[in-house]
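The values are calculated or read from the model by the stated rules, or taken from the named source; none is laboratory data. Here the structure is a predicted model, which means the values were calculated and not measured. Here the Cβ positions follow ideal geometry from the backbone for every residue, glycine too, while neighbour counts run over all protein chains shown. Note: areas computed on protein heavy atoms with side chains; ligands, DNA, RNA excluded. Shrake-Rupley method; radii C 1.70, N 1.55, O 1.52, S 1.80 Å.
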Amino acid sequence: MTTGSSRASGSADAGINTYLGQERALRADRLGTRGLLLSVLAATAPLMVVAGVMPTTYAVMGIVGQPLLFVMLGVVLVLFSLGYAEMSRHVHNAGAFYAYISRGLGGTAGAGAALVALVAYNALQVGIYGILGFEVSGLFATYAGIEVAWWAPALAAVLAVGALGWLKIDVNARVLGVLLAVEVLLVVVFDVAAVADPGAEGLSLRAFDPGTLAGAGVGTALCFCIAAFLGFEQAPVYAEETSRPHVLVPRVMFLAVAGVAVFFALSSWAVTVATGPAQVVDTARRESAGLLFTLTEARLGGTFTDVLHVLFVTGMFAALLSFHNVVARYAFAMGREGLLPAVFGRTNDTSGAPGTGSLLQTAVAAVTVVGFAVTDDKPAGDPTAPVLHLFTWGGNIGALGVIVLMAAASLSVVVFFVRRGAAGAQAWRLATSALAGLALLVIAGCTVRDFDVLVGAGPGSALSWVLPGIIGLAAAVGLAQGLVLRARAPERHARIGLGNEAFQLEKAASS
C-alpha cells in the first residue's frame, strides 16, 4: 500500500510538473539561427523603411548625410549589443528587456520596464496597421477602381495576424522568411539600378561626408533612423524557444545589427545617387512617401513599381507578425511572473504559443483601429487624417519606449556583472555598455525634445508632451506596481525576471 501510494503520488507530481511545464514554459528547440534571424529581421520592415522612413528623414530634417547616420547608429547598437548579448548567456526569458533590467536593477525597476515594453511594442505594432490600411486602400482605388475605407483592410489584417499568432512559431518564420527575402531582393534591385543609372551628380559619396550632418536637425534625424533598427533587440525574447540560446541569440543579434546598418546605409546612399545629393532633400519634400516609387518607375518601369507597392504591403504584414509575437511573449512572461493575471502565463495546448498574450494584443489592436476609424472624418490623403496619426503616433511612441528600455538595459548590464564580481572579466563589455547607454540617453532626450516635429504637431501642441507622456505613465505605473508587490507580496516580487526559474521554484516549494 505504501509503495503503491508513493508511486501514485509520484505519478501525480510528475503529471502536475508536466502540466506546469507545458503551459508555463515556451517550447524549446523550435527555432534555429535561420528562423530566429528571420523573425527578428522581419520587424525591421526593410521596404517600409526605404519607402517611408528615409524620404521622411530627408524631407523633414533636410540632412543629406542620412547614410552616415545609419553607420553611426550601427556602431552605437553594436556597442549596446556586446553587453546585451552577454546578458543573454545568463538570462533566458521571453520578457528580455524587463528580465535583464530586473536582474541588474531589481524587481521594481523590472516591473516598470515590463509595462513600458508592453506599451511600446503594442504601439509599434498597432501603428503599422494605420499605414497598411492606407496603402491597401490606395491599391484598391488605383488598380480596381474600388473605394475601400482604410480601416477595412486594417481590421482584416488584425484578424489574420491574430490567427497566425495561435500557430507555431516555425510556421510564422516561414511566412516571414518568404516575405522578407522578396522584399530585400527588390530593394537591392533598386540599389543596383540607381548605381547603374545615377543622377546628374554621378556616383557621389557626399552623403558620407560628416559635413553634411551640420545643423540642428541631427538629433531628431537620429530618432527617425533608429526606428529603422527596431527588431534586432527582440532576439532574446525567443531565447526559451531555441536549443542553444547562449550561442544563437548573440549570433543573431550581431548578424541583424550589422546587416541592417549596411543595408540601410547603402540603400539611403542609393537614393542620393538616384536624385543627386544636392537635390535629395527637395525631391523628398516634393514626392514624400512616393519618392522610392517615382525613382523605380523611371529606372525599372511600371510593372516593377506595381510589384513594389504590393511587397510594401506584405513587408508591413511581416513586421506586424513579428511585433505581434513579441508582444504576446512579453504578456506571457509578465503573466508567469505575477505582473499580469496568471491566465497570461499559459501557452496554447496545441501549438505551445502564448495564446492568451496573442489574444490580448489582437484585442488592443482591434479596439485601437476601431477608435481611430470612428474619429476619421477626413479624406485619407489629408495629413491630419486619423489613419496617418495612427502610424506616426504609434511608431514614435513605440520607438521612444524601446530607446528608453535599451538605455536602462545598458545600465543593468553594468550593475549585473559588477554585483556578480565579474567587473574585471567583463570590463570591456561594461565600457561599451556604458558608452551605448549614454548615446541612447542623448537620443531619447532629443526624441522627447522634438516630439512635435516627429509627429507633425505644431509648436506648443499638447501632443508634444501627451504622447511621450504615455511612456512616462507606463513606467510610473509599472514602478508603482513593483513597489506594491515588494511591500505586500514579496514572493511575487522576487519572481520578477526569473522566467522559467519562477515556476521551477514554485514546483520545488510545493513538492
The correct ranking of Val158, Val313 by accessible area at 1.4 Å, largest first, is Val313, Val158
What accessible area per residue comes out for region 411-478, rounded to a whole number of Å², with a 1.4 Å probe?
49 Å²
How far is the Cα center of region 328-342 from the Cα center of region 271-310, in Å?
44 Å
Simple spin-label estimate for Thr375/Val310, 7 Å along Cα→Cβ, in nm, reads 3.6 nm
What distance in nm separates the two pseudo spin-label positions at Ala149 and Arg89, each 7 Å out from Cα along the beta-carbon direction?
5.5 nm
Percentage relative contact order, region 409-474, counting C-alpha pairs under 8 Å, at least six apart:
24 percent
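If R0 is 60 Å, what FRET efficiency do you get for Phe208 and Ala480 from their C-beta distance, rounded to 0.05?
Result of the calculation: an efficiency of 0.80.
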Under the classification rounded if a/c is under 1.5, otherwise prolate if a/b is larger than b/c and oblate if not, where does region 101-150 fall, given a ≥ b ≥ c as square roots of the Cα gyration tensor eigenvalues?
prolate
